[in-house]
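Quick notes on the structure that follows.
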């Protein structure tokens with residue numbers, strides 16, 4: 001129920017913002033004519049076609065609530081509207097969403113592997129060489145913003161590496177595909193792994209430190225000492241008493257960082273030419289495409305809510321004391 | 001032990017990497033085998049529609065060039081039109097035109113390409129409420145106005161429809177018989193045949209009209225290629241139409257386009273995934289220093305003119321011709337191009353692109369030469385620039401253009417001592433339409449069809465002696481008279497000369513400052529040769545492109 005209310009509030013806010021953007025920035029229909037000055041009737045026809053012919057779009061400060069109500073009514077009947085050139089929003093989402101979800105999957109796996117694995121190793125060897133090494137890596141990662149990493153990767157590494165792989169293993173080998181300079185629709189998984197890995201890396205650094213810190217807390221906790229004194233093996237203690245118990249803050253962080261990853265997705269998708277939600281949303285905001293923005297954000301809100309829900313369930317799995325009725 | 005497991009891991013990785021290659025050995029290049037000759041190209045912007053009446057950007061025009069055949073096509077070198085689907089286009093008075101079609105051409109769905117197929121496309125485009133991008137091409141047709149309805153603008157700038165259009169068809173357009181069309185224009189226009197090869201004049205099948213939305217995604221063409229699949233925003237593919245009867249068709253049989261949005265396709269070209277490419281400014285230097293790459297490079301002047309306009313409707317100092325000349329002579333065009341957009345622009349010294357369209361010659365703008373001393377003198381003659389005031393330079397929001405105009409502003413400041421303020425605004429076009437500029441502003445003109453007339457009428461002619469034209473407030477009787485003389489000329493060559501004279505009149509008035517013309521550059525892969533760039537649009541001429549594998 002709360003989720004539905006949040007969604008409604010988000011949609012209303014977006015509606016108001018995009019409406020204001022149109023009122024302030026002038027008519028998006030004018031952009032349709034480029035450098036040519038259209039006649040009044042030509043402009044009128046295009047405004048009508050774009051659904052911008054309502055008088056409220058010309059009055060600054062008018063919230064255009066009638067338009068919002070109409071949109072909600074359309075949504076209720078399963079009509080999610082079209083972009084300015086008549087392409088259905090559902091069609092755009094159907095093309096873009098799978099790619100973004102693929103990217104998010106790779107990112108999440110990278111976080112878990114990098115964060116959990118390296119964080120655990122650092123905690124296990126606290127103060128020793130592996131710990132210092134891993135902490136140094138995490139600082140290095142922080143020093144490189146994702147767009148710098150992608151830029152360097154795309155313009156310096158992809159061409160020689162994919163060329164060498166293609167010569168050595170063949171044009172369609174996994175190696176050649178992995179290092180392609182851009183996303184390819186023919187190999188949607190292989191070509192998204194490295195971009196996802198790079199995007200995941202940038203998110204992994206804070207994650208890694210969080211894992212390390214929360215595990216260190218557990219190494220000295222009473223229940224761990226009890227487990228050791230019972231004579232349990234070190235491996236068993238680490239896996240079931242330390243890693244599992246320190247996972248709760250980590251899982252919470254996954255939920256939050258997930259939302260943050262969308263910002264990174266805009267950059268990654270743009271750079272690697274992935275047709276995804278981030279890039280489409282970015283373009284739609286620039287062009288004041290109200291229906292696309294609201295449609296996309298509603299969908300992303302739903303995804304975020306689902307992830308948060310999954311996080312809540314994981315709490316119960318990880319900590320038997322937490323139970324939902 | 002450790003070393004061994006490392007080696008094993010490496011071996012496993014190698015296997016994985018080689019993985020799905022399965023026989024991916026040298027020579028296993030499937031694209032050249034079995035006559036499957038595929039050309040792979042990039043589309044650099046989000047293509048939104050493939051409907052000819054609605055296609056007005058370089059990319060969908062480029063795609064439709066191989067999907068549709070028009071009445072005329074343009075010569076790759078001179079851009080002069082020659083008949084293709086048309087047997088003959090003629091007129092005795094240059095007002096009423098008779099178009100004879102070659103018989104027996106069909107659409108890819110079997111429908112005939114007849115007079116009616118052209119008429120239905122043109123009527124659809126000309127009907128105002130359809131909101132087609134190429135609507136304005138039919139302004140010269142008799143009956144155009146009756147198809148637009150009557151609109152009225154109130155004080156808030158709100159446009160309301162007073163009256164629905166009276167007609168759904170152009171009264172000046174008549175289908176005489178299946179191979180004959182007559183067109184009546186509102187006045188004589190000798191350049192009419194030149195317009196007919198443009199995308200907006202392609203024919204459409206009845207099946208296309210019945211399902212406009214479907215046709216915008218999967219066109220029913222009459223050209224050598226048909227669109228197989230279009231995943232909008234991602235990729236598009238076309239294959240050769242087996243029953244094509246025309247003569248101009250390339251030697252390859254498949255085209256694959258990948259759409260790029262915002263990102264550069266240059267590394268993809270370098271990696272061999274695309275057959276043509278152009279480097280971004282940051283890679284320009286290294287690409288041009290690579291002997292292997294430059295051995296497969298073509299350069300050709302494009303047709304888009306970037307120029308500075310002034311609000312002549314605002315009065316002094318903009319109305320002072322010496323002031324405008326001062327600005328023009330203060331700008332070192334070559335220097336700013338080398339600095340900001342190397343290889344992508346060439347300095348302009350005319351209002352019509354030289355050698356790009358009939359009638360275009362270099363040097364019509366004598367004061368487009370960089371001469372800081374003469375610039376200072378001209379400014380003094382104009383009475384100087386008000387002290388302490390900044391010259392506003394307005395433009396739309398675009399990173400490359402902002403850099404470019406910042407460099408222009410710096411030149412003005414350096415050579416004339418006029419401080420400037422860059423004003424990139426998202427509502428640039430709205431403000432331009434409302435005449436709300438106070439300072440210089442960016443303009444860009446890309447002609448709609450290859451004729452010098454097109455550079456002159458759209459941006460400068462209005463017939464309104466009192467207010468001048470919409471965007472500048474410019475009016476010159478001598479200039480408009482020359483244009484009218486050109487329109488009435490007995491043949492195209494005479495007309496072109498008259499239009500040239502009109503350009504000279506324009507040069508006398510010096511309403512705007514030409515800065516640069518676009519320059520088209522393409523690098524190409526070893527898979528293709530005979531890469532010819534269209535002097536008009538700058539895109540690769542797909543019908544001339546030769547696949548060598």
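The values are calculated or read from the model by the stated rules, or taken from the named source; none is laboratory data. Everything quoted here is computed from the prediction, not taken from an experiment. FYI the Cβ positions are ideal-geometry reconstructions off the backbone, even for glycines, and counts take in every protein chain you see.
Tabulated results
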read-out	value
Qualifying residue in segment B:396-414 (condition: without any contact (Cβ under 8 Å) to a residue 24 or more places away in the chain and within 14 Å of chain A (Cβ to nearest Cβ))	yes
Scan of segment A:52-79 for residues that are more than 14 Å from residue B:129 (Cβ to Cβ) and in a loop (DSSP other than H, G, I, E, B), ordered by number	A:52, A:54, A:59, A:60, A:61, A:62, A:63, A:64, A:77, A:78, A:79
Test: residue in segment B:235-243 that is surrounded by fewer than 18 Cβ atoms within 10 Å (Cβ to Cβ), within 22 Å of residue B:101 (Cα to Cα), touching a residue at least 24 places away in the same chain (Cβ under 8 Å) and more than 14 Å from chain A (Cβ to nearest Cβ)	yes
Qualifying residue in segment B:210-230 (condition: surrounded by fewer than 22 Cβ atoms within 10 Å (Cβ to Cβ), part of a loop (DSSP other than H, G, I, E, B) and within 14 Å of chain A (Cβ to nearest Cβ))	yes
Scan of segment A:41-62 for residues that are in contact with a helix residue (DSSP H, G or I) (Cβ under 6 Å, 6 or more places away or on another chain) and more than 12 Å from chain B (Cβ to nearest Cβ), ordered by number	none
Single residue of segment A:210-241 satisfying the filter (crowded, with 19+ Cβ neighbours inside 10 Å and within 30 Å of residue A:150 (Cα to Cα)) that is farthest from the chain's Cα centre (by Cα)	A:212
Candidate set: segment A:83-102, residues that are away from chain B (no Cβ under 11 Å) and either surrounded by 22 or more Cβ atoms within 10 Å (Cβ to Cβ) or on the phi > 0 side of the Ramachandran plot (or both); chosen: the one modelled with the lowest pLDDT	A:89
Hits in segment B:54-82 - residues which are over 15 Å from the mean Cα position of the chain (by Cα) and either closer than 30 Å to residue B:268 by Cα or not in a loop (DSSP other than H, G, I, E, B) (or both)	B:66, B:67, B:68, B:72, B:73, B:76, B:77, B:81, B:82
Qualifying residue in segment B:87-100 (condition: assigned to a loop (DSSP other than H, G, I, E, B), assigned by TED's automatic domain parsing to the domain that holds residue B:140, modelled with pLDDT of 90 or more and more than 30 Å from residue B:492 (Cβ to Cβ))	no
Check on residue A:105, within 19 Å of the chain's Cα centre (by Cα), at pLDDT below 90 and over 21 Å from residue A:183 (Cβ atoms)	no
Residue in segment A:192-203 that is in a helix (DSSP H, G or I), in contact with a helix residue (DSSP H, G or I) (Cβ under 7 Å, 6 or more places away or on another chain) and over 21 Å from residue A:117 (Cα atoms) present	yes
Filtered residues of segment A:148-183 (kept if buried (at least 16 other Cβ atoms within 10 Å of the Cβ), assigned to a helix (DSSP H, G or I), in contact (Cβ under 8 Å) with a residue 60 or more places away in the chain and more than 8 Å from chain B (Cβ to nearest Cβ))	A:150
Answer from B:363, B:343, B:383, B:359 - the residue that is free of Cβ contacts under 8 Å to residues at least 40 places away in the same chain and at positive phi	B:363
Any hit, segment A:124-138, residues being at the interface with chain B (Cβ under 8 Å from one of its Cβ atoms) and surrounded by 14 or more Cβ atoms within 10 Å (Cβ to Cβ)	no
Among the residues listed as A:80, A:5, the single one being out of contact with any strand residue (DSSP E or B) (no Cβ under 8 Å at 6 or more places or on another chain) and either within 23 Å of residue B:232 (Cβ to Cβ) or more than 8 Å from chain B (Cβ to nearest Cβ) (or both)	A:5
In segment B:464-487, the residues that are in contact (Cβ under 8 Å) with a residue 12 or more places away in the chain and within 14 Å of chain A (Cβ to nearest Cβ)	B:467, B:468, B:470, B:471, B:472, B:473, B:474
Residue satisfying all of: in segment B:273-286; within 13 Å of chain A (Cβ to nearest Cβ) and modelled with pLDDT of 90 or more; surrounded by the most Cβ atoms within 10 Å (Cβ to Cβ) among these	B:274
Whichever residue in segment B:435-462 is without any contact (Cβ under 8 Å) to a residue 24 or more places away in the chain and more than 10 Å from every other protein chain (Cβ to nearest Cβ) and, among such residues, is surrounded by the most Cβ atoms within 10 Å (Cβ to Cβ)	B:461
Test: residue in segment A:296-318 that is within 14 Å of another protein chain (Cβ to nearest Cβ) and in contact with a helix residue (DSSP H, G or I) (Cβ under 7 Å, 6 or more places away or on another chain)	yes
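This table checks each residue for (1) in contact with a strand residue (DSSP E or B) (Cβ under 6 Å, 6 or more places away or on another chain); (2) surrounded by fewer than 18 Cβ atoms within 10 Å (Cβ to Cβ); (3) farther than 25 Å from residue A:29 by Cβ.
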| residue | (1), (2), (3) |
| --- | --- |
| A:264 | no, no, yes |
| A:270 | no, no, yes |
| A:298 | no, no, no |
| A:323 | no, yes, yes |
